[in-house]
Amino acid sequence: MTALALELSGVRASYGKVEVLRGLSLGVPEGCVVALLGANGAGKTTTLRAISGTMPIAQGSIKLHGRRIDGRSASRIARGGIALIPEGRGIFPTLSVRDNIEIAIRCSVEGGASPSSRREGFDRIVATFPRLGERLAQSAGTLSGGEQQMLALARALVARPKVLMMDEISMGLAPIVVEQLFETVRTLKEQGTTILLVEQYLTHALRLADICYVLAKGEVIFVGEPAELRDPETVSTYLGV
């Protein structure tokens, strides 16, 4: 049985008096892609925020490779091996592509990366995303939507995360750009990257995922293989589409 890279048990979290996660439990096996699905307001983004430490939890536990990380600061969780590409990309639009990557590299190591490790990390990212390599001097805010999402992905990958979390990376992008972006994600999967994916494009999510969780009102209402969600009646029952 594959070990769990990430495990949530009985997690509860609220925005003020409104409870959003209601005893949520799920597991992300090492080297697998887990899709987190559900209608708007189901708690998907809140789940990612709770894992990343940007939202405190009121109850339950979150473990990375068996060690609890809930209660830690977001920066410590990130340095511990969890990378989040948030909805909206989270890049620095007024800085150059080069500076965006360099900042991510410096922040990925406690106390800052050494010059040699910064160079290695930079070269690796440019090799993975050659289009970004052609635009290093360009302001990130002037990139196309697809290129900005590539930059967000590149920034997340510089630290070689143990778990990569992606929140609606296709949002606002043209279908052809979405296809290209998910080809990159597919390559990451083939390389053994552990991924927790929140995605509006159900077709892409089901192609990539090994396991699917469907949330409703902060609770898991379905867990199973992608094939089980390809039936229109099942999709209608659990996702309302």
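The values are calculated or read from the model by the stated rules, or taken from the named source; none is laboratory data. A quick note: this is a predicted structure, and the numbers were derived from the prediction, not measured. Glycine also receives a Cβ, built like all others from the backbone with ideal geometry; neighbour counts cover every protein chain displayed. Keep in mind that these areas ignore ligands, DNA and RNA; they rest on the heavy atoms of the full protein, side chains included. Shrake-Rupley method; radii C 1.70, N 1.55, O 1.52, S 1.80 Å.
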Given H placed 1.01 Å from N in the peptide plane, which residues other than close sequence neighbours of V220 have an amide H under 5 Å from its amide H?
S25
Using DSSP to call loops (not H, G, I, E or B), can you name the trypsin sites (Lys or Arg not before Pro) in region 1-53 whose Cβ has at most 13 other Cβ atoms within 10 angstrom?
K17
Give, rounded to the nearest 20 debye, the magnitude of the charge dipole that region 156-241 has about its Cα centre when Lys and Arg contribute +1 at Cβ and Asp and Glu contribute -1 at Cβ.
300
Could you give the alpha-carbon Rg of region 1-82 over 2.2 N^0.38 Å, rounded to two decimals?
1.05
Evaluate 2.2 N^0.38 Å with N set to the residue count of the chain, then give the Cα radius of gyration divided by it.
1.00
Given the rule -39500 (n - 2.57) for each run of at least 4 DSSP H residues, summed and divided by the residues of the chain, what is its mean residue ellipticity at 222 nm, to the nearest 500 deg cm²/dmol?
-11000 deg cm²/dmol
At 1.4 Å probe size, with the rest of the protein present, what percent of the exposed accessible area of the chain is carbon and sulfur atoms?
50
Note on region 131-190: alpha-carbon gyration tensor, axes a ≥ b ≥ c; rule is a/c under 1.5 for rounded, else prolate if a/b larger than b/c, else oblate; result oblate
For the pair E183/S75, report the inter-label distance in nm, with labels modelled 7 Å from Cα in the Cβ direction.
3.9
Once the dipole of the chain is set up from charges on Cβ (+1 Lys and Arg, -1 Asp and Glu), the residue from the list A209, L239, G43 lying farthest towards its positive end is G43
At most 16 other Cβ atoms within 10 Å and a DSSP loop assignment: could you name the trypsin sites (Lys or Arg not before Pro) in region 199-241 that fit?
K217, R230
Taking a point 7 angstrom from the Cα of R119 along the C-beta vector, which residues in region 73-107 have backbone N less than 20 Å away?
98-107
R0 = 22 Å: FRET efficiency of V18 with Q200, Cβ-based, nearest 0.05?
0.45
Taking 7 Å along the Cα-to-C-beta vector as the label spot, tell me the Q59-E228 distance in nanometres, rounded to one decimal.
2.6
Between helix 175-190 and the chain: long-axis angle, C-alpha atoms, 0 to 90°, nearest 10:
90
Partner lysines whose C-alpha sits under 23 Å from that of K217, ignoring same-chain residues fewer than 8 away, are K17, K44, K63
